[in-house]
Amino acid sequence: MWLINSSIGRKFVMSITGIALVLFLLFHGTMNFVAILSPESYNAICHFLGANWYALVGTVGLALLVVLHFTFAFILTWQNYKARGRDRYDVASSRGEVSFASKNMFVLGVIIIGFMLLHLYNFWFKMQFVEIAHKMGGDIGDLSLATDGAYYISVLFANPVYCVIYLIWLGAIWYHLTHGVWSALHTLGLNNKIWFGRIKCIGNIVATLVVLLFVAVVLHFGGQAIMNGTTAYVW
Ligand code: HEM
């Protein structure tokens with residue numbers, strides 16, 4: 001099948017799954033921003049997106065997107081490496097055309113996934129997973145807090161270490177998205193001279209918007225803990 005066997009097919013899969021993941025991030029970032037405006041409304045959304053069938057379908061779909069995106073990234077990176085070795089960007093980089101992000105997309109991706117496992121432990125494991133476990137008769141975690149996302153956010157970011165960890169993670173995501181959005185739109189056909197600069201600009205705007213939504217939450221709840229004197233180094 002051309003999607004798997006040809007280089008352009010694999011890039012196409014990377015682009016489609018990448019854009020779907022960016023849309024998830026836009027949704028997730030906007031949803032989290034609600035926690036700043038109204039913790040009650042945020043918890044209502046968490047309740048709506050608990051362990052219901054549609055939320056579970058979304059979770060499985062999301063996991064599939066991440067697996068596809070990562071697997072194809074691995075294959076593409078491996079084939080680039082085999083074809084051209086470590087110096088594959090030498091000609092272009094001497095003309096100053098290759099950014100830090102474009103040279104390090106796979107490494108950035110691995111870092112992002114590493115931090116994401118920690119993030120899933122911080123939230124998903126204590127929320128949706130606890131609900132699923134209880135529905136199946138298990139007794140893990142605190143069910144009364146399973147849809148209290150606002151509580152978990154305020155406790156996590158009351159810890160300055162976690163604020164720094166999340167800001168580093170968001171920095172890696174910003175770099176990854178600036179090149180990723182550009183690359184996806186380029187692969188999907190916006191690759192003429194006029195659009196070359198425009199999609200670079202679109203990539204930067206989308207990456208910055210997505211990341212700022214998350215950064216605002218970290219700074220708001222981290223700052224609130226400092227102002228209220230509730231900073232704590234619990235893990
Ligand atoms: C300030 C930053 C963030 C906060 C406060 C936050 C908050 C949350 C919360 C509360 C949940 C649990 C929802 C539930 O299970 O009901 C969650 C799940 C999740 N988050 Fe985040 N998140 C943040 C950043 C991110 C980022 C940057 C990514 C991806 C790179 C991400 C990916 C996910 C994923 C994949 C899930 C599981 C979704 C699912 O179960 O379908 N989050 N997040």
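The values are calculated or read from the model by the stated rules, or taken from the named source; none is laboratory data. Predicted, not measured: the structure shown is a model, and the values here were computed from it. Cβ coordinates were reconstructed from backbone atoms using ideal geometry, including for glycine residues, and neighbour counts include every protein chain displayed.
Each residue in the stretch 1-55 was checked for being in a loop (DSSP other than H, G, I, E, B) and modelled with pLDDT of 95 or more, and 1 pass. Exactly one residue out of 130, 181 is at pLDDT 95 or above, away from the ligand (no atom under 12 Å from the Cβ) and buried (at least 16 other Cβ atoms within 10 Å of the Cβ), and it is 181. Checking each residue in the stretch 75-102 for being modelled with pLDDT of 75 or more and either aliphatic (A, V, I, L, M) or not in a helix (DSSP H, G or I) (or both) picks out 75, 76, 83, 99, 101.
Go through the stretch 108-123 and give me each residue that's over 21 Å from residue 233 (Cα atoms) and within 9 Å of the ligand (Cβ to nearest atom).
112, 113
Filter the stretch 183-235 for residues that are part of a loop (DSSP other than H, G, I, E, B) and free of Cβ contacts under 8 Å to residues at least 60 places away in the same chain; which is nearest to residue 8 (Cα to Cα)? Top of the filtered list is 189. Considered as a group, the residues in the stretch 149-178 that are of a type in the set (Gly, Ala, Ser) and touching a residue at least 60 places away in the same chain (Cβ under 8 Å) include one that is farthest from the ligand (Cβ to nearest atom), and that residue is 158.
Total residues in the stretch 103-154 satisfying the condition of being more than 30 Å from residue 81 (Cβ to Cβ) and in a loop (DSSP other than H, G, I, E, B): the figure is 13. Taken over the stretch 7-54, the criterion of being β-branched (Val, Ile, Thr) and away from the ligand (no atom under 14 Å from the Cβ) is satisfied by 8, 13, 16, 19. Go through the stretch 202-230 and give me each residue that's closer than 25 Å to residue 186 by Cα and either surrounded by 15 or more Cβ atoms within 10 Å (Cβ to Cβ) or not hydroxyl-bearing (Ser, Thr, Tyr) (or both). 202, 203, 204, 205, 206, 207, 209, 210, 211, 212 - these are the residues of the stretch 202-230 that are closer than 25 Å to residue 186 by Cα and either surrounded by 15 or more Cβ atoms within 10 Å (Cβ to Cβ) or not hydroxyl-bearing (Ser, Thr, Tyr) (or both).
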